[in-house]
Amino acid sequence: MAAPLPYPALVASHAGNWIAFPGGETRAVGRGEGIARAADTPVILLNAPLTAARLGYPELSGLDLLELYAFIHPARFAVPTAAGMARALGLDPPENDSMAAAFLLRAADALLARLEGDWPEREGAWDSAQALLRTRWPWAQPVLERLKKPNKPERWLFSRLPEWEEGAPRPPARTVALSEADVAERLADLTGDGAEQRPGQRAYAQAAAMAFAPRREAGRPNMVLAEAGTGIGKTLGYLAPASLWAERAGGAVWLSTYTKALQRQLDRETGRLIADPAERARRVVVRKGRENYLCLLNLEEALQGGFQGRALILAHLAARWAAYSRDGDMVGGDMPGWLPSLFRRNGSNALTDRRGECVYAGCPHFRRCFIERASRASEHADLVVANHALVMLLAARGRETGGAPTRLVFDEGHHLFDAADSTFAVALTGQETIELRRWLLGPESRARGRRRGLAARLMDVASYDEQGAAAIEAIIRAARDLPSDGWLARLAEGDPFGPIERLLAEVRGTALARASAQDAGYGIETEVAELDASLVVAAGDAATALEELARPLAALQRRLEAVVEDAPDWLDAPARARIEGALGSLSLRAQTLAAWVALLARLGSAPDPDFVDWLAVDRVEGREYDIGVHRHWLDPARPLARVVLEPAHGALVTSATLKGADGWPSAEARIGAVHLDVEPARFAADSPFDYALNSEVLIVTDIKRGDLAALSGAYSRLIEAAGGGTLGLFTAIQRLKSVYARIADPLARAGLPLYAQHVDPIDTGTLVDIFRDDPHASLLGTDALRDGVDVPGHSLRMVVMEGVPWPRPTVLHGARRAAAGGSAYDDQVVRARLAQAFGRLIRRADDRGVFVLLSAATPSRLLTAFPPGTPVTRLTLDAAIAHVRARLSMTDRLVHHQNEDAE
């Protein structure tokens, strides 16, 4: 048995810093001594980037326990805190921050001890540790001292991964009808014996089943709009008819969500439907965009010299994870969200296929590819769990190929408008055009790793087909007019290169000229109106350049189609697959170019009433990062209806706040139902929760708008009164950061840790995991937390909003506001946001909570956003604090007694 590690452990928090030594001594240290200790000798840490942020020393490094855990237990979940690590390892958690340093020593010993025996993820560990030793990974030597060399050589990662198999095309779905009795029986199977009877859930399931009735006429889908208040159990409610129809019809139902959290929840809930993991993996598939999955070719090239330093360590840990991952999903899958964030200049994006450079069958790992496996599995699955954006993209492609999903369930349906707004928008920007250049020409610098140009990806065509080679050469010549590296600096210096950069320079000049004082440091946008002649001329030149590129792209596409059809002697199976893959990418790029040309034709012409166009200079804290011209549909529900809903046989659109306070007409307009030649079925079931008893809304009347000190004091005092368990929501990142900086230290010293989105170097999903795990913790965030947090129980007992969440006065919002009734449209947006934020508070029947709005000027007309019967009180901050302390301390006592009873 190897000796314990001789290194100390260091913990840094807002409450203070502590260091623990192997001999048993633990003491508090100042920030300077903590930094000096970490610089002089290796120290054991838990989440080095977060520790570095707490110490204010960005270059801090050491032996991070999270890296060791990821090496030993890849693809296993653990909350990245001392308490979370204790639960993952079966150890007693430390009682406070001062005891956490000593705990890290125990945790390190416990993890290293596992290396001396057998554990489920042992295979591959020896070879991986040897490779990590060459990268100078701090844990490599302690690991190899305890890890026995295997008796026989370990299989290389890429040989351990299973190969997917090609299957026959799926036959068309059979025509079936679901009876009420069958749906009720399936729902009973899902909820289980002895489950609480929920009449609302049963009625909801019957309503949802209408979406799976046989379609009577093309272009007229069975459309069901269903609002199910929190607690109805809508997930199982629609899984009952969806799973039943899929089994009997032999077809696939696509379950679409907006947030990754609900995707994970849906995936878990299907375990009630299919208990056997192997059978479930065959019948239920989580499907995401290509950019979410690990690319094995990128990983191999990273391991073989593409990555250096800390990025190479990440690649080796990602390889360990890939061997045990369920599906290779790096974003929201079984890769710990905290793992890439441990590497400050992490290369996780370079390990996915974010640039459309896949060589398909030309890749040596094609038959083991996670992306291809998920794509093929979804073709034969009963239930495909996806997201709104991917479903819309596949529906758009399916209009051309006939392969669009025909049975759809849109959960979180109130977000369909926003998803369609993004999906059907057009943006001609510097970032977008330089990305196109790189896709066509390849990297301008080898430092960017593997990035191949079009000629390299289509080497077969360039070598064997004269017409194809000519088209590729013409594409390369035209692509050289696109922006290249350094374009932003050239624009700032007044020295643009090529027609696109000259257009962007004119866009920048116009936007800056029309900016006002309050735009300082922020992004700038201005509507496309009354443009100078120089900008219109530049737009024409840019459109000509794009058309010069579009013509050979179209010629290449036609030539590739002919090659596939004629099948010359040199076209073997891998080359065919590679060309077919390239055809799909070329089609998408051609559509983008056509949209850009149409957008530029608008500049200097009469406005199109269906669209909103504007010029923008995007900035973060005064630093420009993109410039361009944007086009959005005035009503994105129109293409949503035409492209996605109209071709479907049946669609269920559901959420807890679908119709909200504004009623069905508003909901039908935002999800596209008004653009269909069919009357949708409507269903609504109120939440069974007693909001009048278990929740209340407090509107604080004495916080002056714009007074950061007062705002910070309000957050601090409210969080302290609640004993933590607070979700703080902000409409501006800068105010969030300012409040956090003022209150994090005093709260931590009171035993109330505070975390913040956009501040802590942790991904949002992991921040929510940490918040959920600690009932004394609080979390500050922005829009992503307003609708993407599901934290039932005592960990979330208060929501505090800094003010009324009015929409930002953008060009796009202004156009929609003018078209939809002026201030009434603003009220509709705000009520939806308030309802979503309040919905974070009560997630189950025994939850108790308080919703606090720090805005004296909250109009009474907006209060219909809250569930009927919810008490609403306007009061001073002092009174609100007393109220929160009295109400939530009672909840604390109830939770304490429940915990005692459980023990």
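Every read-out reported here was derived from the displayed coordinates using simple, explicitly stated rules and does not represent laboratory data. These numbers come from a predicted model, not from an experiment. Don't worry about glycine lacking a Cβ; one is built from the backbone with ideal geometry, like all the others, and counts go over all protein chains shown.
Within segment 735-818, list the chymotrypsin sites (Phe, Trp or Tyr not before Pro) lying in a DSSP loop whose Cβ has at most 10 other Cβ atoms in a 10 Å radius.
Passing both the DSSP loop test and the Cβ count: no residue.
Suppose a student asked you for the relative contact order of segment 691-902, using Cα pairs under 8 Å spaced at least 6 residues apart; what percent would you report?
Reported relative contact order: 34 percent.
Take the alpha carbon atoms of segment 174-244, find their center, do the same for segment 318-383, and report the distance between the two centers in whole angstrom.
33
Roughly what % of DSSP beta bridges within the chain run antiparallel, to the nearest 5?
35
For the peptides 607-613, 233-239, what is the packing order when you average, over each peptide's residues, the other Cβ atoms within 10 Å and list the highest mean first?
233-239, 607-613
Suppose R0 equals 35 Å; then what is the FRET efficiency for A389 and E473 from their Cβ-Cβ distance, rounded to the nearest 0.05?
0.50
Across segment 40-57, in residue order, what do the Karplus-derived ³J(HN,Hα) couplings come to in whole Hz, using 6.51 cos²θ - 1.76 cosθ + 1.60 with θ = phi - 60° and x for Gly and Pro?
7, 9, x, 10, 8, 10, 10, 6, 4, x, 5, 4, 4, 5, 5, 7, x, 9
At 0.36 nm per residue, minus the direct Cα-Cα distance, what do T864 and K704 gain on full extension? Give it in nm, one decimal, please.
Gain in length upon complete extension: 55.2 nm.
Can you grab the distance from the C-alpha centre of segment 464-514 to the C-alpha centre of segment 529-570, Å, no decimals?
Computed from Cα coordinates, the inter-centre distance equals 14 Å.
Per q in 0.10, 0.19 Å⁻¹, report the Debye log10 I(q)/I(0) for segment 443-633, using one uniform scatterer on each alpha carbon and no solvent.
Reported log10 I(q)/I(0), two decimals: -0.52, -1.26.
Give me the distance between the Cα centres of segment 271-314 and segment 611-666, rounded to whole Å.
Distance between centres, Cα-based: 30 Å.
Which links in K148/K288; K152/K288; K260/K659; K149/K288; K260/K737; K234/K288 stretch past 27 Å when you go from one Cα to the other?
Table pairs above 27 Å Cα-Cα are K148/K288; K152/K288; K149/K288.
Residues in segment 468-492, backbone N under 14 Å from the label point at A562 (7 Å along the Cα-to-beta-carbon vector): list them, ranges by number please.
468-472
Could you go through segment 878-886 in sequence order and give the Karplus-derived ³J(HN,Hα) for each residue, using 6.51 cos²θ - 1.76 cosθ + 1.60 with θ = phi - 60°, rounded to whole Hz, and x for Gly and Pro?
Taking θ as phi minus 60°, the curve returns 4, 5, 4, 5, 4, 5, 4, 4, 5 Hz for segment 878-886.
Under 17 Å from a point 7 Å along the Cα-to-Cβ line of L512: which residues of segment 408-430 have their amide N that close?
Once the point is set 7 Å along Cα→Cβ of L512, 430 turn out to lie under 17 Å by backbone N, inside segment 408-430.
By per-residue mean of other Cβ atoms within 10 Å, what is the highest-first order of 708-719, 649-660?
With the highest mean Cβ count within 10 Å placed first, the list reads 649-660, 708-719.
Assuming a ≥ b ≥ c are the square roots of the Cα gyration tensor eigenvalues, decide whether segment 133-199 counts as rounded (a/c under 1.5), prolate (otherwise, with a/b larger than b/c) or oblate.
Oblate shape, in that a/c is at least 1.5 and b/c is the bigger or equal ratio.
According to a simple spin-label model (label point 7 Å from Cα along Cα-to-Cβ), what is the distance in nm between A594 and E493?
For E493 paired with A594, the spin-label model returns 3.9 nm.
Got the relative contact order for the chain handy, in percent, Cα pairs under 8 Å and 6 or more residues apart?
Relative contact order for the chain comes out at 14 percent.
So, R0 is 41 Å and r is the distance between the beta-carbons of D276 and I733; what FRET efficiency does that work out to, to 0.05?
0.35
If you take every DSSP beta bridge fully contained in segment 9-154, what fraction is antiparallel? Give it as a percent rounded to 5.
Counting DSSP beta bridges with both partners in segment 9-154, the antiparallel share is about 75 percent.
For a test of the definition: using alpha carbon positions, the gyration tensor, and the 1.5 limit on a/c, classify segment 360-434 as rounded, prolate or oblate.
oblate
Apply 1/(1 + (r/R0)^6) to the Cβ-Cβ distance of A882 and D783, taking R0 = 30 Å, and write down the FRET efficiency to the nearest 0.05.
E between A882 and D783, to the nearest 0.05, is 0.45.
I need to check one value: relative contact order of segment 1-61, counting alpha carbon pairs closer than 8 Å and at least 6 residues apart, in percent.
Dividing the mean separation by the residue count of segment 1-61 yields 31 percent.
Only counting other Cβ atoms within 10 Å, I'd like E720, E217 sorted with the fewest neighbours first.
Listed from fewest to most nearby Cβ atoms, that is E217, E720.
Report, for segment 691-902, the % of DSSP beta bridges that are antiparallel, rounded to 5.
0
Take every Cα-Cα distance within the chain, group them into 10 Å bins from 0 onward, and report for each bin the whole-number percent of pairs it holds.
Over the chain, the share of Cα pairs per 10 Å bin runs 2, 11, 18, 24, 24, 16, 5, 1, 0 percent.
Using DSSP to call loops (not H, G, I, E or B), can you name the GluC sites (Glu not before Pro) in segment 1-85 whose Cβ has at most 13 other Cβ atoms within 10 angstrom?
Within segment 1-85, the qualifying GluC sites (Glu not before Pro) (loop, at most 13 other Cβ atoms within 10 Å) are E25, E59.
With bins 10 Å wide starting at 0, give me the P(r) of segment 691-902 over every alpha carbon pair, in whole percents.
Values per bin, smallest distances first: 8, 36, 37, 15, 3, 0.
Quick check on the chain: helices-only [θ] at 222 nm, where DSSP H runs of length 4 and up contribute -39,500 (n - 2.57) each and the sum goes over total residues. Nearest 500, please.
After summing the helix terms and dividing by the residues of the chain, the value is -14500 deg cm²/dmol.
Starting from the 7 Å offset along Cα-to-Cβ, what nm value, one decimal, do you get for the label separation of R623 and A856?
3.9
Provide, in order from the shortest bin, the percent of all Cα-Cα pairs of segment 9-154 in each 5 Å bin, continuing until the bin that contains the maximum pair distance.
P(r) for segment 9-154, in whole percents per bin: 2, 10, 19, 22, 19, 14, 9, 4, 1, 0.
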